[in-house]
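The values are calculated or read from the model by the stated rules, or taken from the named source; none is laboratory data. On a predicted model such as this, the values are computed, not experimentally measured, just so you know. Note: ideal-geometry Cβ built from the backbone for every residue, glycine included; neighbour counts use all protein chains shown. Remember, those area values only see protein heavy atoms, side chains included, never the ligands or the DNA or RNA. Shrake-Rupley method; radii C 1.70, N 1.55, O 1.52, S 1.80 Å.
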Amino acid sequence: MSRTGGASRVRRAVGPAPAGAPRFTVRPLDPLADAELVHGWVTHPKAVYWMMQDARLQDIEREYMAKAAHDHQEAFIGLADGKPSFLMESYDPRHVELGALYPPEPGDVGLHFLVAPTDAPVHGFTRAAISSAMRELFADPATRRVVVEPDVRNDAARRIFEYAGFTVVSKIEKPEKDAYLCVCPRERFERSAAGRPAAH
């Protein structure tokens, strides 16, 4: 990514799209223009593990303005056929959140990932979205591994990360939660179901 893992890139279509699958694109999150959209996502009951259930709109604006100004974090909106559909944050784990909790390696990029809550879920959509998010991170040649830290209670997140090629390295204690530290090297993602061209 432009600040967390390598040279700046223009947002673009991400990954191949088989017939019938949505076309995914990723764009930078606008802290003001997107605040209401993101507020609805992160305060939804289905987003309980995002831990922003009580956030106000102004809290979201401040949170993402701070991320936009940070040298080691970025936030993006993922779109499916042009419709905002997931939230994606990348960060340098040496400087944000995880540096003291595991031995970071050169080329590590942290990922936070949230699919927009819906009352009409589409089978396979979350898998397609995580595949697109991972392709976006690995499109930067400087990215060697992606690192995630799902809450130990979040079985759904663990399953989707396993699909994308992540393996659990250890259990870690963060100030806000107990989490599983999971990593996915580039080669493992490329061998995973998510990383194969027809894996949407």
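Points to keep in mind about this one:
- Counting only protein heavy atoms and a 1.4 Å probe, the chain has 49 square angstrom of accessible area per residue.
- Most mobile listed residue (Arg94, Arg159, Arg135) in the chain, GNM with C-alpha springs under 10 Å: Arg159
- The fraction of accessible area contributed by carbon and sulfur in the chain is 53 percent, rounded to a whole number (1.4 Å probe; ligands and nucleic acids excluded).
- Just checking the listed ones, Leu32, Leu137, Leu98: in the Gaussian network model of the chain with Cα springs under 10 Å, the one fluctuating most is Leu32.
- Cβ charges +1 (Lys, Arg) and -1 (Asp, Glu), total dipole of the chain, debye: 740
- FRET E, pair Lys171, Leu57, Förster distance 41 Å, beta-carbon r, rounded to 0.05: 0.75
- Shape call, the chain: gyration tensor on alpha carbons, a/c limit 1.5: rounded
- Over all other residues within a Cβ to Cβ distance under 11 Å of Gly82, the charged ones net out to +2, with Lys and Arg as +1 and Asp and Glu as -1.
- Choice from Val38, Val147, Val168 showing the highest fluctuation, given a GNM over the chain with Cα pairs closer than 10 Å: Val168
- Per DSSP, loop GluC sites (Glu not before Pro) in the stretch 145-193 with at most 14 further Cβ within 10 Å: Glu176
- Ellipticity estimate at 222 nm from DSSP helix runs (n ≥ 4, -39,500 (n - 2.57)) divided over the chain, nearest 500: -7500 deg cm²/dmol
- Residue-span extension gain [Tyr49 to Arg159] - 0.36 nm each, minus C-alpha spacing: 38.1 nm
- Straight-distance crosslink candidates among lysines, where the alpha carbon sits under 18 Å from Lys177 and sequence neighbours closer than 8 are dropped: Lys46
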